[in-house]
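Notes follow once the structure below has been shown.
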Amino acid sequence: MADIRFDGKVAIVTGAGGGLGRQHALELARRGAKVVVNDLGGSVDGSGGGSDAANKVVEEIKALGGEAIANGSSVTDDAGVARMVKDAMDAWGRIDILVANAGILRDKSFTKMDIADFQVVVDVHLMGTVKPAKAVWDIMRAQNYGRIVVTTSSTGLYGNFGQSNYGAAKLGLVGFMNSLKLEGQKNNVHVNAISPVAATRMTENLGMPEQVLAQLKPEYVTPGVVFLCSEDAPTGAVLTAGAGAFALSRIVETEGVYLGGSATVESIRDNWAKITDETGQKAYLNGGEQTAKFFRKMQGG
Ligand code: NAI
């Protein structure tokens, strides 16, 4: 089969001044995409900033013979996001791909976490994905083509001590994707999620040994992201990626039990083994499928 190329396509990659986002931007550019490199250029906790980080990656892309423009806005800044999209449209007239990758950390156990540290992490990851997605959504719909990749995390999917803010934001992105995948389908706008594991400045405080870090290069995640940006991309998938391994993560529901309108607190307790029995568990395509199961069970099916 032919190589996957992005000639004539325009991509926005947020948080692309370093780490994973830089690799995604470089690989999209290597494969022919014109790229908006967004990065606020702040520290890992979101403080500080400047557009140097984005400019440097733009220079790297140009050195490879590619086309790119820098954007130093925060993904949470409405005017900055609008400018980022306008710059891309003015320069190239279309936007095919959004990789929403920008992120920060404010790790603390919930006991010690201020609400301000919770809020800013939700703002950057969740609203910092929603705002760029909203700004490109109608452009993609009108083109009848679009690919959006949101960046989730094993913390959101499964949990991690000290990251309640980050986990809430990251699983929020999966909920966001689950509705967009349905709303985008008619206009060939596919929305997927990447759950990466990579050695970046974000993971440098986890105390992982050098040999492990060497196996977790950010560029090992990028093929998964670039596939989700391609014409062959599925929609509504959560692709996990790290160290060269790739898998699909999904929320499944057990078949469960029908207890009828006379269900009691005690009957829930007494049926817990049946409620949680994994035999026949499945993932649903939309919320309505779950409701349909409830009615099927009510009818004895
Ligand atoms: P990183 O810190 O190297 O990259 C994040 C980039 O986002 C930075 O360049 C930063 O300047 C930029 N950024 C932060 N706030 C921004 C804002 N408001 N506006 C624009 N840019 C902003 O970290 P890494 O590891 O490359 O993270 C990339 C994404 O992958 C993040 O969403 C992160 O949560 C996610 N992730 C990373 C994992 C890992 O193992 N490294 C694990 C799971 C998820």
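How about Lys62: which aspartates and glutamates have a C-alpha closer than 16 Å to its C-alpha, ignoring those fewer than 8 places off in the same chain?
Counting by Cα, and skipping residues close in sequence, Lys62 has these aspartates and glutamates nearby: Asp7, Glu27, Asp52.
Starting from the Cα of Lys170, draw a straight line to each of the aspartates and glutamates and keep only those under 13 Å, dropping any in the same chain fewer than 8 residues away.
Lys170 reaches Asp123.
First select every other residue whose beta carbon is under 14 angstrom from the beta carbon of Ala2; then total the charges, Lys and Arg +1, Asp and Glu -1. Before the final figure, lay out each step's value.
On the way: positive: Arg5, Arg31; negative: Asp3, Asp7, Glu231, Asp232.
The answer is -2.
Which ³J(HN,Hα) values, rounded to whole Hz and listed in residue order, are derived for region 107-119 from phi using the Karplus coefficients 6.51, -1.76 and 1.60 in 6.51 cos²θ - 1.76 cosθ + 1.60 with θ = phi - 60°, glycine and proline given as x?
With coefficients 6.51, -1.76 and 1.60, one gets 6, 6, 4, 4, 4, 8, 7, 6, 4, 4, 6, 6, 4 Hz.
Summing +1 for each Lys or Arg and -1 for each Asp or Glu, what net charge is found among the other residues whose Cβ lies under 14 Å from the Cβ of Met140? Present the calculation step by step, with values, prior to reporting the outcome.
Numbers: positive: Lys9, Arg94, Lys134, Arg141, Arg147, Lys181, Lys186; negative: Asp96, Asp138, Glu183, Glu231.
After counting each charged neighbour, the total is +3.
Could you check which residue among Leu259, Leu28, Leu182 shows the biggest mean-square fluctuation in a GNM of the chain with a 10 Å Cα cutoff?
Greatest mean-square fluctuation among the candidates belongs to Leu259.
How large is ³J(HN,Hα) for each residue in region 22-37, as worked out from phi by the Karplus curve 6.51 cos²θ - 1.76 cosθ + 1.60 (θ = phi - 60°), to whole Hz, x for Gly and Pro?
Along region 22-37, the couplings run 4, 5, 4, 5, 4, 6, 4, 5, 4, 9, x, 6, 8, 10, 8, 9 Hz.
If amide H atoms are built 1.01 Å from N in the plane of the peptide, which residues on other chains or at least 5 residues away come under 5 Å of the amide H of Asn160?
none
Please arrange Leu98, Leu157 by counting, for each residue, the other beta carbons lying within 10 Å of its beta carbon, fewest first.
Working: Leu98 31, Leu157 19.
Ascending Cβ contact count within 10 Å gives the list Leu157, Leu98.
Treating each Cα of region 252-301 as an identical point scatterer and ignoring solvent, apply the Debye formula and state log10 I(q)/I(0) at q = 0.12, 0.22, 0.23, 0.33 Å⁻¹.
-0.27, -0.87, -0.94, -1.23
Per residue of region 218-226, what does 6.51 cos²θ - 1.76 cosθ + 1.60 with θ = phi - 60° give for ³J(HN,Hα)? Whole Hz please, x for Gly and Pro, Karplus curve as stated.
x, 5, 6, 7, 4, x, x, 5, 5
Out of residues 5 or more away from Leu105 or on other chains, whose amide H comes under 5 Å of its own, with H placed 1.01 Å from N in the peptide plane?
Asp45, Gly46
I'd like the orientation of helix 52-63 relative to the chain: the angle between its Cα long axis and the longest Cα principal axis, in ° from 0 to 90, rounded to 10.
Computed tilt is about 70 degrees.
Any read-out appearing in this document is the output of simple, stated calculations on the displayed coordinates, not a laboratory observation. Given the structure is predicted, the values throughout are model-derived calculations rather than measurements. We place every Cβ from the backbone using ideal geometry, glycine too, and count neighbours over all the protein chains shown.
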